[in-house]
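Structure first, then comments.
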Amino acid sequence: MVFPEDTNPLGNAFGGYVLGLMDKVGSYAAARRAKKPVVTVAVGRVEFKVPIRSGDLLEIVARVEHVGCTSLTVEVQVFKERFGGGPETRVLATHGQLVYVAIDEEGRPTPVDG
Ligand SMILES: CC(C)(COP(=O)(O)OP(=O)(O)OC[C@H]1O[C@@H](n2cnc3c(N)ncnc32)[C@H](O)[C@@H]1OP(=O)(O)O)[C@@H](O)C(=O)NCCC(=O)NCCS
């Protein structure tokens, strides 16, 4: 749930707050696929299509779209639902692509498993 401290004076969620959630969820998807720790190397085009408001419930979906040698490109979607409004109020609010790199113990890029 989005709380007032995550929003600006208009009651809209800060872009950086939403981006932070996207990065966390995207990294879990990338690390799960790589079976190794990952770091964020790039944030691609992110679109904030619909305002996210205080009190909204968020569902964040991350899908690994491309696996390179050491990198993974993840599409992340943020759906919002009005608390108490039911599933019919669920809409895609934000989406974007993030790129992660699998790293070894020294923090160097290492090939993705499989
Ligand atoms: C991520 C990091 C380890 C990559 O090291 P590097 O020596 O630059 O890596 P390379 O040039 O060998 O590239 C590694 C992979 O990343 C990809 N990559 C590098 N920069 C990229 C960019 N700007 N956009 C997309 N992919 C990129 C390369 O194409 C390569 O992919 P591949 O192996 O699948 O072909 C290094 O840049 C780093 O430590 N950055 C800081 C990470 C960080 O602190 N993130 C925030 C907190 S998690």
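The values are calculated or read from the model by the stated rules, or taken from the named source; none is laboratory data. Computed from a predicted structure; not experimentally measured. Counting neighbours? That spans all protein chains shown, and the Cβs are built from the backbone with ideal geometry, glycine included.
Scanning the range 75-114 for residues that are free of Cβ contacts under 8 Å to residues at least 12 places away in the same chain and either in contact with a strand residue (DSSP E or B) (Cβ under 8 Å, 6 or more places away or on another chain) or of a type in the set (A, V, I, L, M) (or both) turns up 87, 89.
Surrounded by 17 or more Cβ atoms within 10 Å (Cβ to Cβ), touching a residue at least 24 places away in the same chain (Cβ under 8 Å), in contact with a Leu (Cβ under 8 Å, 6 or more places away or on another chain) and farther than 25 Å from residue 99 by Cβ, is that true of residue 2? Before you say what the answer is, go through the steps one by one.
Working: surrounded by 17 or more Cβ atoms within 10 Å (Cβ to Cβ): yes; touching a residue at least 24 places away in the same chain (Cβ under 8 Å): yes; in contact with a Leu (Cβ under 8 Å, 6 or more places away or on another chain): yes; farther than 25 Å from residue 99 by Cβ: yes.
Answer is yes for this residue.
Within the range 1-13, the set of residues being assigned to a loop (DSSP other than H, G, I, E, B) and either closer than 13 Å to residue 62 by Cβ or touching a Ser or Thr at 6+ places or on another chain (Cβ under 7 Å) (or both) comprises 2, 3, 11. Residues in the range 19-53 that are within 13 Å of the ligand (Cβ to nearest atom) and in a strand (DSSP E or B): 8 in all. Restricting the range 64-98 to residues that are touching a Gly at 6+ places or on another chain (Cβ under 7 Å) and buried (at least 17 other Cβ atoms within 10 Å of the Cβ) leaves a set whose member that is nearest to residue 22 (Cα to Cα) is 76. Here residue 72 passes the criteria (1) out of contact with any Phe, Trp or Tyr (no Cβ under 8 Å at 6 or more places or on another chain); (2) farther than 23 Å from residue 3 by Cα; (3) modelled with pLDDT of 95 or more; (4) within 16 Å of the ligand (Cβ to nearest atom) except the one numbered (1).
Could you tell me whether residue 82 is in contact with a Phe, Trp or Tyr (Cβ under 9 Å, 6 or more places away or on another chain), basic (Lys, Arg) and more than 16 Å from the ligand (Cβ to nearest atom)? No.
Cβ-Cβ distances below 6 Å connect the following pairs, each with a first residue in the range 54-66 that is within 28 Å of residue 113 (Cα to Cα), a second residue that is surrounded by 13 or more Cβ atoms within 10 Å (Cβ to Cβ) and among the hydroxyl-bearing types (Ser, Thr, Tyr), and a separation of six or more residues or different chains: 65/73; 66/73. Does residue 13 satisfy being on the phi < 0 side of the Ramachandran plot, out of contact with any helix residue (DSSP H, G or I) (no Cβ under 9 Å at 6 or more places or on another chain) and buried (at least 18 other Cβ atoms within 10 Å of the Cβ)? No; evaluated as a whole, the condition is false for this residue. Against the conditions (1) of a type in the set (Val, Ile, Thr); (2) farther than 12 Å from residue 94 by Cβ; (3) surrounded by fewer than 16 Cβ atoms within 10 Å (Cβ to Cβ), residue 61 satisfies every one except (2).
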